[in-house]
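Participant: Quick one: the structure is below, questions incoming.
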Amino acid sequence: MEACYADRPLITQLDDGDGSGRGYFSSSISMPTTVAMMLAALDPESGGRVLEIGTGTGYNAALLAFRAGTENVTTVEVDPGIAEQARAALKATGWPVNVVTGDGTKGHPPGAPYDRVLSTASVQRVPYAWVEQTAPGGRVVTPWGTAFHNGALLHLRVRADGTAAGRFSGNVGFMWLRDQRTPHGAVEDRVRPEHDYTESTTGLHPYYALSNFDASFAIGLRVPAMKSVVVFDDDNPGSAAYTVYLMDPYVGSWASWRVAPGRDAYTVRQHGPRCLFEELEDAYRWWLDAGEPEHTRFGLTVTSDGQTVWLDTPGAPIGT
Ligand SMILES: C[S@@+](CC[C@H](N)C(=O)[O-])C[C@H]1O[C@@H](n2cnc3c(N)ncnc32)[C@H](O)[C@@H]1O
């Protein structure tokens, strides 16, 4: 009960339940204040039809049922064991919403059109099915992020022409939709002693690019498929010496960015076809030149051809 009423997320599954022991989070019940913030953004109406992606425990689905009516809520969960558990829990607690076992990327066409679609798993690309299955004037709300930045909340409004647009707000770090994860992998496996590299120095401290929410959000928009991992010299997050690794798991490029106490120049090594540090530095300078925009100034448009991110107005797309 203490855990249920604490304002924190609770992890309910690791490694897609495969028992591998790797320890990656794959299902959870979200932090209650985050759930409330997302429901406020969704603004479901009594009697409106709602589709939730990512049933998890079923907690959020029960809240949606309370607001919209049990018969109006469909929730899709990709993991059959989790779906079954949620189905049973929702039934036992008096909120027997329609729990569908399947890939939420496809939405759930039999229940369409929906007035609201809420994803409780993060995306890098908004599946067009969500827009297509939402009635004009309806809303799609989802955590959205990049390989570099875990994300912000995206609020989309669906238009009569079958497209949707809206802006980002808030700081929401979520688990990814299964097929939109950037591959995991340990630094030791990706950065090998036998790899060749170029070496240079920079005056840019990692703090400015990684710890500033808005800067790192913008860098993620500009530099695709780049993950970062910070490794402290003595396993101590307070350690003065550490290395930031930037990695593209698809092409095998990496960069290391070394911070040592008492130095104001940092050694950078880069390996592979992409010069990841240079890409990051360019993106950071782009953000500075653009006037250091907050993430709330960015928005996104979804059409059947894909998605476009823009700054301030849909007429100003930014390259990714
Ligand atoms: C953060 S949890 C959801 C929390 C949930 N709404 C609750 O109230 O407990 C994310 C869930 O999304 C599920 N998921 C991941 N990829 C999915 C997909 N493609 N389709 C449907 N569910 C997916 C995961 O299995 C996980 O249970």
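Participant: When DSSP beta bridges are limited to those with both residues in the chain, what percentage is antiparallel, rounded to the nearest 5? Intermediate results must be reported in sequence, preceding the final value.
Facilitator: Values: 47 of 65 bridges.
Counting only bridges with both partners in the chain, antiparallel ones make up about 70 percent.
Participant: Here is a further query. If one computes the Cα centroid of the stretch 74-130 and of the stretch 265-320, what distance in Å separates the two points?
Facilitator: Here the answer is 32 Å between Cα centres.
Participant: Cα atoms only: what Rg and Dmax, in Å, come out for the stretch 187-289?
Facilitator: Final numbers for Rg and Dmax: 13.1, 38 Å.
Participant: If I model a spin label as a point 7 Å beyond the Cα along the Cα-Cβ vector, how far apart are those points for Thr33 and Thr93 in nm?
Facilitator: Spacing of the two 7 Å Cα→Cβ label points: 2.1 nm.
Participant: Please give the per residue accessible area of the chain, computed with a probe of 1.4 Å over protein heavy atoms only, in Å².
Facilitator: Numbers: 15020 Å² over 320 residues.
Here the per-residue accessible area is 47 Å².
Participant: Relative to the longest principal Cα axis of the chain, at what angle does helix 32-42 sit, 0 to 90 degrees, rounded to 10?
Facilitator: Approximately 70 degrees, to the nearest ten.
Participant: Using r as the Cβ-Cβ distance of Tyr208 and Asp18, and R0 as 41 Å, what FRET efficiency do you calculate, to the nearest 0.05?
Facilitator: Details: r = 38 Å, r/R0 = 0.93.
It comes to 0.60.
Participant: Given 25 °C and 0.890 mPa s, how large is the Stokes-Einstein diffusion coefficient of the chain in µm²/s, with Rh as the Kirkwood radius over Cα pairs? It would help to have the intermediate numbers written out before the result.
Facilitator: Working: Rh = 21.0 Å.
Rounded to a whole number, D works out at 117 µm²/s.
Participant: Next question, about the same structure. Per the Kirkwood formula on distinct C-alpha pairs, the Rh of the stretch 138-230 is how many angstrom? Write out the running numbers ahead of the final one.
Facilitator: Numbers: mean 1/r = 0.0633 Å⁻¹.
Taking the inverse mean of 1/r over all distinct Cα pairs, the stretch 138-230 comes out at 15.8 Å.
Participant: May I ask you to order 51-61, 104-114, 245-255 by the average number of other C-beta atoms within 10 Å around their residues, highest value first? Could the numbers behind the result be given before it?
Facilitator: Numbers: 51-61: 26.1, 104-114: 18.1, 245-255: 20.5.
Most protected by this proxy first, the peptides run 51-61, 245-255, 104-114.
Participant: If you don't mind, there's one more thing I want to ask. Dipole of the chain (Lys/Arg Cβ +1, Asp/Glu Cβ -1, origin at the Cα centre): which of Leu39, Val251, Val73 lies farthest to the positive side?
Facilitator: Val73
Participant: Report, to the nearest 10°, how far helix 276-289 tilts away from the longest principal axis of the Cα atoms in the chain, using its own Cα long axis and a range of 0 to 90°.
Facilitator: Between the helix axis and the principal axis of the chain, the angle is about 70 degrees.
Participant: Here is a follow-up. Determine the share of the chain's accessible area contributed by carbon and sulfur atoms, expressed in whole percent, with a 1.4 angstrom probe. Working shown, then result.
Facilitator: Numbers: 7780 of 15020 Å².
Accessible surface attributable to carbon and sulfur in the chain totals 52 percent.
Participant: Asp161 versus His184, label points 7 Å from Cα toward the beta carbon: distance in nm?
Facilitator: Between Asp161 and His184, the simple spin-label model gives 4.3 nm.
Participant: Taking the Cα centre of the stretch 157-249 as the origin, how large is its charge dipole in debye, to the nearest 20, when only Lys and Arg (+1) and Asp and Glu (-1) carry charge on their Cβ atoms? Don't skip to the end; give the middle numbers.
Facilitator: Details: 9 positive and 12 negative charges, 160 e Å.
With only Lys, Arg, Asp and Glu charged at Cβ, the dipole is about 780 debye.
Participant: Just report the Cα centroid separation between the stretch 157-202 and the stretch 17-48, whole Å.
Facilitator: 19 Å
Participant: Next up: Taking the chain as the reference, fit the longest principal axis to its C-alpha atoms, fit the long axis of helix 213-222 to the helix C-alpha atoms, and give the angle between the two in degrees, 0 to 90, nearest 10.
Facilitator: Helix 213-222 and the main axis of the chain meet at about 90 degrees.
Participant: In debye to the nearest 20, how big a dipole does the chain give about its Cα centre with +1 on each Lys and Arg Cβ and -1 on each Asp and Glu Cβ?
Facilitator: On the way: 25 positive and 37 negative charges, 138 e Å.
So the magnitude is around 660 debye.
The values are calculated or read from the model by the stated rules, or taken from the named source; none is laboratory data. None of these values were measured; they are calculated from a predicted model. Cβ sites come from the backbone with ideal geometry, for glycine too, and all protein chains shown count toward neighbours. The protein model used for the area step is the full one, side chains on, heavy atoms only, and it has no ligands, DNA or RNA in it. Shrake-Rupley method; radii C 1.70, N 1.55, O 1.52, S 1.80 Å.
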